[in-house]
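The structure appears below as structure tokens.
The values are calculated or read from the model by the stated rules, or taken from the named source; none is laboratory data. Predicted model, so just to flag it, every value in this text is computed and none were measured. Cβ coordinates were reconstructed from backbone atoms using ideal geometry, including for glycine residues, and neighbour counts include every protein chain displayed. Ligands, DNA and RNA are stripped out before the accessible areas are found, and what is left, the full protein with its side chains, is counted by its heavy atoms. Shrake-Rupley method; radii C 1.70, N 1.55, O 1.52, S 1.80 Å.
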Amino acid sequence: MGWTNELLEVYEKVSDPNRTRAAGEPVMLPVSHSTANAQIELTVDENGNFKDAYAVSKENSVTVIPVTEDSGARSSGITPMPFADKLVYIAGDYGKFAEGKRADNSGYFSAYMEQLRNWCESDYSCPEVCAVYKYLEKGELMNDLVNKGVLEVGAETGRLTDKKINGIAGQDAFVRFKVSGANGVCETWKSKAIQDSFIKFNSRVMGGTGLCYATGEESALTYKHPSKIRNSGDKAKLISSNDESGYTYRGRFSNKEEAFAVSYDYSQKVHNALKWLVENERVTKTDEKGKTVTYNPLSFDSLTLVVWNSALGFVPSITESAGDMFGDNWDMFGNEEEGYSAKKVFAELLHEKLMGGKVEFDDESKVMIMGLDAATTGRLSIAVYTELAESQFAEALEKWHNETLWLRFDGKLKKSLYNSCSLPQIANCLYGTEQSGRLECDKKVLKDTILRLLPCVTEKRSLPRDIVRILYNRASSPQSFEKDYVHRIILENACALIRKAQLDSGNTHYYKGEINMAYDPNCNDRSYLFGCLLAIADKAESDTYDESEKRVTNARRLWSAFAARPCQTWKIIEERLEPYLEKDQRKMTRYTKAINDIMGRMSPEEFSDNSKLSPMYLIGFHHYNALLWGAKAENKEEE
């Protein structure tokens, strides 16, 4: 099926009254409804008398509101919402307090009140709507808000000041209503009775019918489709046909009706399902400062990835590392002595995680991956859309995480752990710059890189060749980074993706054989062995420093030259290393033996070859460096 039909299925399943709603799950918007951020909450009684008003907190501002076909797509002109709306529409005394072009809001107010009156006088009216109408008819809203201190006016001018409510100017505030009565207080934006009342009223006043291209049925059509897909302030639309003079139809169709026709009901359900899926991806966490924040982990600049299961079941993240998915259980993958054992345990637990508690996958279940990108503030495009069988999806993710698994040092836990690559971290390693001790790249570059790498994760595609080349160059220039751990992160990700590229090639690209997770004494690749020598020189020199010394070793200083001209540069490094080793005979014996062992595995011709090293030298460096640091930890324990 296409993406619209898949979204329609989501709407029908979530809206099923017999379905049990999960804890924390967002509400599926009904047809003819949208959301808005309210700044003011106003309470009236059932007779239309003012009771109270106050500013709404930003965290509690998202409000479900009824919309007409026109108001749901409004951008300019006079197009009132049916119920909750901005002050310029609902306040009869707006002109007494506001200034600017819309100070005379008589056109806005009369259009709003006429529409609300029609609803109240219809067969589908409800008491709460009529109570609000009675109150607004008095034209005292602005005065009541000023008296309650919600809005502020100047002592001399009597006009609204620059005071803002949640960043919005007072005269532009959006108002929602509560109605108190014998049965308690009704929060109108949550009332299903009011929602059903408006849906029936709105369906009666909809325009003529036509053939819906999506359903093949005669129904009320619309060419005004909803926005606010990614959040309640989003103005970008996924379907639009208002370009009558540009290239939208030229040479293909004479008018928009020939191009497409979608029923209002179908459009509403599809868009509301998509909004629900985006909202359902949001997570709430406590940041480092103890503040609670809500965000979408699949949102990158203007790109929002939407991933869902046709059965609305568990779907693992497609951009996170395995460590992010395992959370607190990640530190079980840290036994450096038994790298292959850890790799096996990792693979088994990863499989269980991706299964989401299932024993086997449903043959009928699918996973949909959609990428929504806004090229402009008003237009939303589908940058990527893929449908995969659930088993294929899990298999692709399992392959990605197993093949990008690598030993990485965790600064918080102060230990090395096995983890796979996350897409944002790869992008930052490729193109990021150091900012306050962290690698961060331009947001647009981050978005484009994630889109480019996504098929490698979800469709088992091979890594683009330039990815490894860029990481090779960056990892070969440690002097370009102020913090050592920043270079270490780049090196770790470079090694992980070198291993991935080798696997993609059938273990033939860099040398014949699979790249191991730990030091391989049987690997005699020239570049690998030179990388081991670089690790020995770096560790040998740093071991002679006092703990308080923050110096750069000769190996790191000459790293870039070493990668380009290894034989020539090694002679310089070795010569400069001698004075340091002479300080400690024990260290000299140990590291000299290690150097001789490595050099003994190279033929004279291989050693004297001064050509540029392949990415395998980074693998060799990381492997032997981990081996040396592991040996140091053992020596400390023995002491």
Value of relative contact order over the chain, rounded to a whole percent, pairs C-alpha under 8 Å and six or more apart: 10 percent
Full-extension gain in nm, Gln479 to Glu605, via 0.36 nm per residue minus C-alpha separation: 42.3 nm
In degrees, nearest ten, helix 264-280 long axis to first principal axis of the chain (Cα): 40 degrees
Neighbourhood net charge (10 Å Cβ-Cβ; Lys/Arg +1, Asp/Glu -1) for Leu42: +1
Highest average packing first - 120-129, 201-210, Cβ atoms within 10 Å: 120-129, 201-210
Reach of Lys550 by Cα under 24 Å, taken over lysines that are not fewer than 8 positions away in the same chain: Lys412, Lys414, Lys415, Lys483, Lys539, Lys583, Lys587, Lys632, Lys636
Relative packing of 308-315, 271-278, which averages over residues the other C-beta atoms within 10 Å, highest first: 271-278, 308-315
Of Lys224/Lys256; Lys51/Lys164; Lys190/Lys224, those spanning more than 19 Å from alpha-carbon to alpha-carbon: Lys51/Lys164; Lys190/Lys224
Cross-link reach list, lysines versus Lys500, counting only Cα pairs under 19 Å and skipping chain neighbours closer than eight places: Lys343, Lys344, Lys399, Lys460, Lys512
Cα-based reach from Lys289 at 18 Å (exclusive), listing aspartates and glutamates while leaving out same-chain residues under 8 positions away: Glu59
Cα centroid separation, segment 20-88 to segment 481-497 (Å): 49 Å
Three-way shape call for segment 122-275 based on the alpha-carbon gyration tensor, with the a/c threshold at 1.5: oblate
Mean Cβ count within 10 Å, highest first, over the residues of peptides 15-21, 46-52, 609-615, 180-186: 609-615, 46-52, 180-186, 15-21
Most positive-pole-ward Cα, Gln195, Ser267, Cys495, against dipole of the chain from beta carbon charges: Cys495
Segment 31-205: relative contact order in percent, alpha carbon pairs under 8 Å with at least 6 residues between: 31 percent
Solvent-accessible heavy-atom area per residue, rounded to whole Å², over the chain at 1.4 Å: 48 Å²
GluC sites (Glu not before Pro) within segment 417-504, DSSP loop, no more than 16 other Cβ atoms inside 10 Å: Glu459, Glu482
Antiparallel content of DSSP bridges confined to the chain, in %, to 5: 90 percent
Helical contribution to [θ] at 222 nm, DSSP H n ≥ 4, -39,500 (n - 2.57), averaged over the chain, rounded to 500: -13000 deg cm²/dmol
Flagged links, alpha-carbon separation over 27 Å, of Lys269/Lys366; Lys86/Lys285; Lys444/Lys612; Lys101/Lys178; Lys13/Lys58; Lys86/Lys178: Lys86/Lys285; Lys444/Lys612; Lys101/Lys178; Lys13/Lys58
Gyration tensor (alpha-carbon) shape descriptor, segment 297-505, a/c threshold 1.5: oblate
